[in-house]
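Student: Structure in structure tokens, see below.
Only the coordinates and a few stated rules stand behind these numbers; no lab work does. All figures in this text were calculated on a predicted structure; none of them were measured in a lab. Cβ placement follows ideal geometry from the backbone for every residue including glycine, while neighbour counts extend to all protein chains displayed.
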Amino acid sequence: MNAMKGTQSIAFSESPYLVSAGSVAGKKEGEGPLGKYFDIASEDDLFGEKTWELAEGTMQKLACKLALKNAGVQPEEVRYLFGGDLLRQGIATSMGAEELQIPVFGLFGACSTSGEALALAAMTVAAGYGDLVLAATSSHFGSAEKEFRFPLGYANQRPLSSTWTVTGSGAFLVGKKKSRVRISGVTIGKIVDYGLKDSQNMGACMAPAACDTILQNLMDFGRGEKDYDRIITGDLGYVGQSILFDLLRKKGLDIKENHMDCGMTIFDQQTQHTNSGGSGCGCAAITLAAYIMPQLISGEWKRILFVPTGALMSTVSFNEGESVPGIAHGIVLEHC
């Protein structure tokens, strides 16, 4: 039996496992602090393709193949694939998943999509609807800038609050096959909107949602912030982290000592000039696959709360002057 915990969480009585992972990154990411950890860090951000969108699809396909290879699993053994990206109609996911011929659920949770995919994959396995399920996400600096901001050739000046969309894809094989990392629970986030309209300050737009999900996870599971070795947000960046700390302190919580943000970890702010840090579906995904999972596998971290964050905007909503709501999903990962 799986137990519903509180108002938004699930504790798995028989926890699904993170069986394996695959990480594919672009050139800038490969030059950053985590470069040596990625399975693939390409020198060519087009990955041999003619468009940014095709390149992103290729990244997602490579990440899925790596996750399968690392587990010794064939595509036909996988029941479902939960995948998503930042582009319209999830085109990168459909391009990436086509060759694998695995039944696909296309997702959109903006930069929180890796958490959404992992939560749904874990729930599917725990409920007995599949023994092996893939969860995959991707983002690409070129395709995201082209769709949401300005074509790269425009060379616009970026404000200090802006983040740099990560070129990368992370894929995870979730299943009943035992490994050193298990998903012991999930907390599904709500949409939180503080009325902010600055798409160049996504950290501020997402921080309230991160705060809400972290608080709800602690409440639902009856835990304190120190019960986690790390509370890891997806891509709040330096601006969003500061806001998150302020919001949590008002609730009587201080996570400064054990907080980590993937967007602040993946780039060197001083030498790589990424302003507030990294963002995008691929940011949290490849950081989890390449850097966080090994810490759990080794037992360096016993339990973490992984909280990918997303800014739920579209080109239409932004151009119509609507606010940018946020969402965050919490995934409890444990060493075993």
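Student: What ³J(HN,Hα) values, in whole Hz, does the Karplus curve 6.51 cos²θ - 1.76 cosθ + 1.60 give for the range 218-224 when θ = phi - 60°, with x put for Gly and Pro?
Tutor: Running phi through 6.51 cos²θ - 1.76 cosθ + 1.60 with θ = phi - 60° gives 5, 5, 5, 9, x, 10, x Hz.
Student: So what is the relative contact order of the range 17-175, in percent, for Cα pairs below 8 Å that sit 6 or more residues apart?
Tutor: 32 percent
Student: Next question. Rank the residues ILE191, ILE91, ILE331, ILE10 as a footprinting-exposure proxy: fewest other Cβ atoms within 10 Å of their Cβ go first.
Tutor: ILE191, ILE91, ILE10, ILE331
Student: Shifting gears a bit: Of (i) 66, 42, 37; (ii) 54, 49, 36; (iii) 47, 46, 41, which is the value of Cα extents along the principal axes in Å derived from the coordinates here?
Tutor: (ii)
Student: Gap in Å between the Cα centre of the range 275-336 and the Cα centre of the range 169-204?
Tutor: 5 Å
Student: What is the dipole size for the chain, taken about its Cα centre, with +1 at each Lys and Arg Cβ and -1 at each Asp and Glu Cβ, in debye to the nearest 20?
Tutor: Dipole about the Cα centre, nearest 20: 720 debye.
Student: Using a Gaussian network model of the chain whose springs link C-alpha atoms within less than 10 Å, name the residue from LEU253, LEU236, LEU46 with the highest mean-square fluctuation.
Tutor: Looking only at LEU253, LEU236, LEU46, the biggest GNM fluctuation is shown by LEU253.
Student: Order of GLU29, GLU56, GLU320 from fewest to most other C-beta atoms within 10 Å?
Tutor: In increasing order of surrounding Cβ atoms, one gets GLU320, GLU29, GLU56.
Student: Relative contact order of the chain, please, whole-number percent, based on alpha carbon pairs below 8 angstrom and at least 6 residues apart.
Tutor: Relative contact order of the chain: 24 percent.
Student: Under 12 Å from the Cβ of LEU173, count the other residues' Cβ atoms, weight Lys and Arg +1, Asp and Glu -1, and hand me the total.
Tutor: +3
Student: Quick one: net charge of SER139's neighbours, Cβ under 9 Å, K/R +1, D/E -1?
Tutor: So the surrounding residues net to -2.
Student: Looking at the range 204-235, which trypsin sites (Lys or Arg not before Pro) are in a loop (DSSP not H, G, I, E or B) and have at most 16 other Cβ atoms within 10 Å?
Tutor: Of the trypsin sites (Lys or Arg not before Pro), the ones in loops of the range 204-235 whose Cβ has at most 16 other Cβ atoms within 10 Å are ARG223.
Student: Which whole-Hz couplings ³J(HN,Hα) result when phi for each residue of the range 247-256 is put into the Karplus expression 6.51 cos²θ - 1.76 cosθ + 1.60, θ = phi - 60°, listed in order with x for Gly and Pro?
Tutor: 5, 6, 4, 5, 9, x, 10, 10, 10, 4
Student: What distance in nm separates the two pseudo spin-label positions at ASN319 and GLN200, each 7 Å out from Cα along the beta-carbon direction?
Tutor: Going from the ASN319 label point to the GLN200 one covers 1.9 nm.
Student: Ok, one more. Per-residue HN-Hα couplings for the range 9-24, Karplus 6.51 cos²θ - 1.76 cosθ + 1.60 at θ = phi - 60°, whole Hz, x for Gly and Pro?
Tutor: 10, 10, 10, 7, 6, 10, 5, x, 10, 7, 6, 6, 8, x, 10, 10
Student: Å³ per residue of the Cα convex hull, for the range 181-335?
Tutor: 108 Å³
Student: Would you work out the charge dipole size for the range 181-335 about its Cα centre, treating the Cβ of every Lys and Arg as +1 and the Cβ of every Asp and Glu as -1, and quote it to the nearest 20 debye?
Tutor: Charge dipole, the range 181-335, about its Cα centre: 340 debye, nearest 20.
Student: CYS205: net charge of surrounding residues, Cβ under 14 Å, Lys/Arg +1, Asp/Glu -1, itself excluded?
Tutor: Cβ neighbours under 14 Å give a net charge of -4.
Student: Using Cβ counts within 10 Å as a stand-in for footprinting exposure, how do VAL192, VAL307 rank, fewest first?
Tutor: If I rank by nearby Cβ atoms, fewest first, I get VAL192, VAL307.
Student: Using Cα-Cα distances under 8 Å and only pairs 6 or more residues apart, what relative contact order does the range 40-99 have, in percent?
Tutor: Computed over the range 40-99, the figure is 40 percent.
Student: Springs between alpha-carbon pairs under 10 angstrom, Gaussian network model over the chain: which of THR93, THR287, THR315 fluctuates most?
Tutor: Of THR93, THR287, THR315, the Gaussian network model singles out THR315 as fluctuating most.
Student: Also, I was wondering about something else. Placing +1 on the Cβ of each Lys and Arg and -1 on the Cβ of each Asp and Glu in the range 206-336, which of ALA328, GLN216, PHE267 has its Cα farthest towards the positive end of the resulting dipole?
Tutor: The Cα lying farthest towards the positive end belongs to GLN216.
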